[in-house]
Amino acid sequence: MIVVNAKSIRLLVFLVALALPCAAGVSCESASTHPSSSDADTDTDTDTDTDTDSDTDSDTDSDTDTGNSTEGCQAVDLLFIIDDSNTMESEQQMLIDSFPDFITVLEEYETVAGTQLDYRLGVTTTGISTHYYVTGVPGAISLDGKDGDLLFPDGSADPWIDGPGSTVESDFTDLAQVGIYGPAYEMPLYAMQKAIEKSGAGGPNDGFFREDALFVAIFITDEDDCSRVDDYWDLPDVTHSCFEYPTEHNLTDLTTFKSMLDARFGGEEKYAIVVIAGQASPDGSAPCDYGDDGAISASRLESFLDDHINASGQHGLMHDMCEAQLQGNMVAALENAMDLIEVACDDFIIE
C-alpha cells in the first residue's frame, strides 16, 4: 500500500507550498506585479492646477499607467478532458461525487472587482479517432473518439454549461459520465487542441471560449498522453504502449501544445492547466495498481507542466490520481485546482 513514499512526500510539499504562497513565490509575486490601491507608482505630480471646485482631487491614481488594461479575470472557461477508456468508471464517479464542493468554492470566489465569477463548463474526452496496423493482424484497427467535440447538456442549444445556475450540478453529472468505451489510446493534449480549434466560427464548439475569460483545462486520466496527429500508423503488437516506447510512436512534441495555447489565448497569463493523473514515482514505475483501478505514471503530462507551463510561470498543477483513489474521492484534487484558478484569475489581465 503506497502511503508514505517519495512521491507522497513531494506531493505533500507541493500542497504545503500552495497553502503558503509566499513560500512558493506565487502570491508574493502577484503582490509585486499587481499594484494596490495605494498607488505604488512613484508619480510625483501633485496636481498643482488650481481648480476651485470643492472636490479635492482625492483619487490616488490606482492604476500604474498600463493603458486601458484591467487586472483580474471576471470570467472563466473551464474545459474538462475526461478519459473514457475502460478503466475509468470509478474515477468518473469520484469526479461527479466531488464536483458539488468544487462548484461551491467556485461560486464563492469573489473577483478583484468584488463580483461573482462568471463561469462556463465544457466537457470532452481523451479519445481521438485514428487508425493503426498491428503486425500480423489483417486490416487497419479503427478508434472512434469525440475528437474534441464538446458534449451537449440535455435540452441545451449549446454544448456547454453556463454558471452560476441552479442546474449546473445536475448538468455536469450527466456530462461527466462519458462512458468507458472510448479509445484506450488516450490523447488528452491533442483532444484539448482540437476542442480549441473547433471553437472557431462555424465549428461545433463555436462560442465556448470567450476572449475576456481565463481558460482552464482540467485533464482527468489514469494513463499518460499518447497524442499524435498522424493516421494509419504501425504497431509491432497491441502491447507496445506509447509510454513505454515513445520514440516508436511518433508522439507530437510537447512544445506544439504550449505554442498553440500561447497563440490562441495571447500568452501564458491567460490560461491554466490542471492534470489529475498518475504522478511518476522516483524510479519511473507505475505509482499504484489496485486491480481494475490504478494509474500509470503520466510522465509526459508531468513534463508538459514542469518543462513548458511552469517553465516561466506557475499556472500548472498536477495532483496524483493514486491519492484520489486511496481517498475514494477527488475533493482534494479539485480544491487544489480551485487554488490554482484563483491565482491565475488574479494574475489575469484584460487588455
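For the pair THR104 and ALA157, a Förster radius of 22 Å applied to the C-beta separation gives a FRET efficiency near 0.20, rounded to the nearest 0.05. Counting only protein heavy atoms and a 1.4 Å probe, the stretch 74-134 has 32 square angstrom of accessible area per residue. Note that the stretch 153-286 presents 41 Å² accessible area per residue, ligands and nucleic acids not counted, probe 1.4 Å. When you count the other C-beta atoms within 10 angstrom of each residue and take the mean per peptide, 79-90, 214-225 line up highest first as 214-225, 79-90. For the stretch 204-351, the pair-distance distribution built from all alpha carbon pairs, in bins 5 Å wide starting at 0, is 2, 9, 16, 19, 19, 16, 11, 6, 2, 0, 0 percent. Distance distribution P(r), the stretch 95-180, all Cα-Cα pairs, bin width 10 angstrom from 0: 15, 36, 25, 14, 8, 3, 0 percent. Amide H contacts for CYS288 (H built 1.01 Å from N in the peptide plane; partners 5 or more residues away or on another chain; cut-off under 5 Å): ALA295.
If the chain linking ASN329 and ASP212 were pulled fully straight, counting 0.36 nm for each residue of separation and taking away their Cα-Cα distance, it would gain 38.9 nm. Spacing of the modelled spin labels on SER303 and ALA201, each 7 Å from Cα toward Cβ, amounts to 3.9 nm. When each of the peptides 117-130, 100-113 is scored by how many other beta carbons lie within 10 Å of its residues on average, the order from highest to lowest is 117-130, 100-113.
Taken over the stretch 133-191, the convex hull of the Cα atoms encloses 115 Å³ per residue. Considering the stretch 81-239 at the alpha-carbon level, its Rg and Dmax are found to be 17.4, 64 Å.
The H on the amide N of SER85, modeled in the peptide plane, is under 5 Å from the matching H of GLY182, each at least 5 residues off or on a different chain.
The values are calculated or read from the model by the stated rules, or taken from the named source; none is laboratory data. Just so it is clear, the structure is predicted and the values come from calculations on it, not from any experiment. For neighbour counting, all protein chains shown are included, and Cβ atoms are generated from backbone atoms with ideal geometry for every residue, glycine included. Only protein heavy atoms, including side chains, enter the accessible area calculation; ligands, DNA and RNA are left aside. Shrake-Rupley method; radii C 1.70, N 1.55, O 1.52, S 1.80 Å.
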